[in-house]
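What follows is a set of notes on a single structure, which appears directly below.
The values are calculated or read from the model by the stated rules, or taken from the named source; none is laboratory data. Model, not experiment: these values are computed from the prediction. All Cβ positions, even for glycine, are placed from backbone atoms using ideal geometry, and neighbour counts span all protein chains on display.
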Amino acid sequence: MLGPSLAVSAILFSLGVVGVLLRRNAIVIFMCIELMLNAVNLTFVALSQQLGLDGQVFVFFVMTVAAAEAAVGLAIIIALYRHRDTVNLQDLNLLRG
Amino acid sequence: MNPLHGTAADWVGLTILLPFLGFLVNGALAFVRPDDKRTVSLVGVGSVAVAFLVGVAVFFAVLGKHPEEAYVRSYWTWMTAGDLEIHAALQVDRLSVLMLLVVTGVGSLIHLFSVGYMHDDPGYARYFAYLNLFIAFMLVLVLGANFPVLFVGWEGVGLCSYLLIGFWFTDRQKAAAGLKAFLVNRIGDAGFLVAMFLIYRNLGTLDFVTVLRNAPLQLAPGGPVVTAIALFLFLGCAGKSAQIPLYTWLPDAMAGPTPVSALIHAATMVTAGVFLVARAGVLFAMAPVASAVVGGVGALTALFAASIGLKQWDIKKVLAYSTVSQLGYMFVGVGAGAYAAGIFHLVTHAFFKALLFLGSGSIIHAMHHAYHHTHNPADAQDMRNMGGLRAYLPTTFRTMGVATLAIAGIPPLAGFFSKDEILASAFGRGADDPFWYLVWALGAAAALLTAFYMTRLMLYTFYGPNRTGAAEQPHLAESPKVMTVPLVVLAVLTVLGGAINLPHVGTLHRWLEPVTAPAVAYTLGTPVSLGVELGLMALAIAIAVVGIRLAMTRLHPEQLVPAEQAPAERGFAKLLLEKYRVDELYDAVIVRPLVFFSRVVLWKGVDAGAIDGAGVNGSAFVARALGWVGSRLQTGQVSAYVLCFVLGALAVLGALTR
């Protein structure tokens, strides 16, 4: 079961990365980040079958942090929208040299 | 143990300390209470007078113990570098004591004169501060026991000379004259420094005693090393003592107050070069070529400057060129190996030339006073505005008359004996090397001109009708006692000064024997026979009389007109009045090309072009260009950063798993 699990997780992670790289909407990018986090969670769970329960415990931590991060991240995106009337990251390039 | 140990010679440092304290006090007063002229005079004159008394005590200590060797009194170690150790040390020997007496003695008289001359000047305290500082540095120069200490004094007097020439610095021309003196002296000082380096490199020490003792043992006589040392030293002397080609600063130095001209630019500082040649006599005696250069340059300068003096109208300019000319005589003396004769002329010249300058100061004081009364802007120093001053300034006239006869070479006044001895020793060298006959001939010709231009000066200032102006005449009056007393004292010294070294008695000769003997031993020379000596003496008197007579018959002071109405000179006279246009020549050959080179190549090319353009602005441009390239990478697009981030993570991962 380990091999297919890791393969799924790798596919999910790659989808997340590609999403972050290619999508423009901040909320979609945010969801892609969540996707990467959950891909990692899947890896933890899959590997915990052989390496002990530490991985499963760690998943709970990750989910907790992800929930907090989602709250903060969504708040930022809302503030951003109020301020700039857009969540399109291509229009937000204040750091351009 | 030197016999001078424990005597008054131990106090020699006091002679420097006192004027230096005078400088500090007067310098402070110049800021705090510049109008307290009583205190300033007391400190200024008193410190030098007391230094003179200490000098007398040192002199008697040397006289009583007659030590054969120099007494070196070391105060502290100044610097140590490798095996070179330089002490802040003073040296008491017969030469330095003699100079100590001349500097403080003549210095005291001139300080006293200045009390009257500078009395109404707003910079009174500053003036005395500078003058005291000068005396202190001059004593460092003559008393120093090694080349670096002497050099400190050498530069110090140069500084004071600069400060005092430009004393009235609000006048651009005067400030420029000070600058010129300073800059021309730098050329000579560079030579002096090179000479010191050479001495250290070849002898390993800079103390006079050791250098003069070891030079004959370690250097080849007449060799290139000792010749180079002597010639570089002489370059320094030529700068300080205003010899060709570096004499141009001295006539301009007359921009300073007249007592300064008397003290610094006639009696003491400008003779430092002669003193140095006598001090380092062995080095010069070992290099006959260098000695010939010294004598030749001296003789040429004597004649050249005397001829310019023939046509000057400014009374101080005449005396300035006369000083340059007389310094040339001194160099003829020390170049010919007659070190005592050179020093003898240095001493007598200090008396009579200080007297002449102070006398001219007295005249200028009176003239300036008269013109000031009537608000006449005429030149108080132009002889064409003088004439007939004999009646108004009787004491000045008599004392200057004595000095004129002395410098012209009329016996038994001081100048006759010293000048005669120098010319006789040059003539004596002629038997071995005919070159010295030429030197003698130049010197004799200069003597004729000297008698002529000095008589001219006397005729135009004191004889004939007065040309000052009808309104000014009632205001012409003799200077106060504080100014005439120094004149009288110097006149007495001028009359009696020759007695210190009468022919065949040679008191000064024997006095200086321990100092000059090692150098004289090197000098080939046949003493002239008694007959020749008397013949030369008669010739010298004849030259002086002819010169005076010629001036009295050829010049007509009653035909002279005031400066404003005077016609322009023509022909050779114009060339003489314009000082052979040497200043213009230097300007065209050296100054202008130098300025051009500095401006076009060094400034525009090297500084603005290479350093500013390529160096400073170039590196700034490179940094900007790199910054621009870097800033293009900052797109501000989050995805671009993430891409870099991911690629970086993959690279690290790849590196770890490989």
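May I ask you to verify whether B:ARG554 is without any contact (Cβ under 8 Å) to a residue 60 or more places away in the chain, farther than 27 Å from B:PRO465 by Cα and basic (Lys, Arg)? Taking the combined requirement at face value, the residue does not satisfy it.
Can you find a residue that is free of Cβ contacts under 8 Å to residues at least 12 places away in the same chain, at the interface with another protein chain (Cβ under 9 Å from one of its Cβ atoms), basic (Lys, Arg) and assigned to a helix (DSSP H, G or I) anywhere in region B:628-646? Scanning region B:628-646 turns up at least one residue that is free of Cβ contacts under 8 Å to residues at least 12 places away in the same chain, at the interface with another protein chain (Cβ under 9 Å from one of its Cβ atoms), basic (Lys, Arg) and assigned to a helix (DSSP H, G or I). The residue that is farthest from B:VAL297 (Cα to Cα), among those in region B:390-431 that are part of a helix (DSSP H, G or I) and β-branched (Val, Ile, Thr), is B:THR395.
Residue by residue, here is whether (1) touching a residue at least 60 places away in the same chain (Cβ under 8 Å); (2) in contact with a Phe, Trp or Tyr (Cβ under 6 Å, 6 or more places away or on another chain); (3) farther than 17 Å from B:THR210 by Cβ; (4) assigned to a strand (DSSP E or B) holds:
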position: B:VAL56; (1), (2), (3), (4): no, no, yes, no
position: B:ALA61; (1), (2), (3), (4): no, no, yes, no
position: B:GLY64; (1), (2), (3), (4): no, no, yes, no
position: B:GLU68; (1), (2), (3), (4): yes, no, no, no
position: B:TRP76; (1), (2), (3), (4): no, no, yes, yes
position: B:GLU85; (1), (2), (3), (4): no, no, no, yes
position: B:SER96; (1), (2), (3), (4): no, no, no, no
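Inspection of region B:593-612 finds a residue satisfying the criterion of being closer than 30 Å to B:ILE308 by Cα, away from every other protein chain (no Cβ under 14 Å), assigned to a helix (DSSP H, G or I) and among the β-branched types (Val, Ile, Thr). Has region B:605-618 got any residue that is within 30 Å of B:ASP379 (Cβ to Cβ) and surrounded by 10 or more Cβ atoms within 10 Å (Cβ to Cβ)? For region B:605-618, residues within 30 Å of B:ASP379 (Cβ to Cβ) and surrounded by 10 or more Cβ atoms within 10 Å (Cβ to Cβ): absent.
Pairing each residue of region B:261-272 that is free of Cβ contacts under 8 Å to residues at least 60 places away in the same chain with any residue that is of a type in the set (Asp, Glu) and not in a helix (DSSP H, G or I), provided the two are 6+ apart or on different chains, yields no C-beta distance under 9 Å. Within region B:522-532, can one find any residue that is closer than 30 Å to B:MET386 by Cβ and of a type in the set (Val, Ile, Thr)? No, because not a single residue in region B:522-532 is closer than 30 Å to B:MET386 by Cβ and of a type in the set (Val, Ile, Thr).
Test B:MET537 against the stated conditions and say whether it is touching an Asp or Glu at 6+ places or on another chain (Cβ under 8 Å) and either within 30 Å of B:ARG467 (Cβ to Cβ) or surrounded by 10 or more Cβ atoms within 10 Å (Cβ to Cβ) (or both).
yes
When residues in region B:195-207 are screened for being touching a residue at least 24 places away in the same chain (Cβ under 8 Å) and touching a Leu at 6+ places or on another chain (Cβ under 8 Å), 8 of them pass. Scanning region B:461-487 for residues that are under 28 Å from the mean Cα position of the chain (by Cα), surrounded by 16 or more Cβ atoms within 10 Å (Cβ to Cβ) and in a helix (DSSP H, G or I) returns B:THR461, B:VAL482, B:MET483, B:THR484, B:PRO486, B:LEU487. Filtering A:LEU6, A:LEU15, A:LEU37, A:LEU2 for residues that are more than 30 Å from B:SER631 (Cα to Cα) and loosely packed, with under 11 Cβ neighbours inside 10 Å leaves a single hit, A:LEU2.
Return the residue satisfying two criteria in turn: it lies in region A:43-97 and is of a type outside the set (A, V, I, L, M, F, W, C), within 14 Å of chain B (Cβ to nearest Cβ) and in a helix (DSSP H, G or I), and of such residues it is surrounded by the most Cβ atoms within 10 Å (Cβ to Cβ). Out of the qualifying residues, it is A:GLY73. There is at least one residue in region B:651-658 that is within 14 Å of chain A (Cβ to nearest Cβ) and either assigned to a helix (DSSP H, G or I) or touching a strand residue (DSSP E or B) at 6+ places or on another chain (Cβ under 7 Å) (or both). The single condition among (1) closer than 20 Å to B:ALA406 by Cβ; (2) among the charged types (D, E, K, R); (3) touching a residue at least 12 places away in the same chain (Cβ under 8 Å) that B:ARG549 does not meet is (3). For region B:525-534, residues that are surrounded by 12 or more Cβ atoms within 10 Å (Cβ to Cβ) and at pLDDT below 85 total 2.
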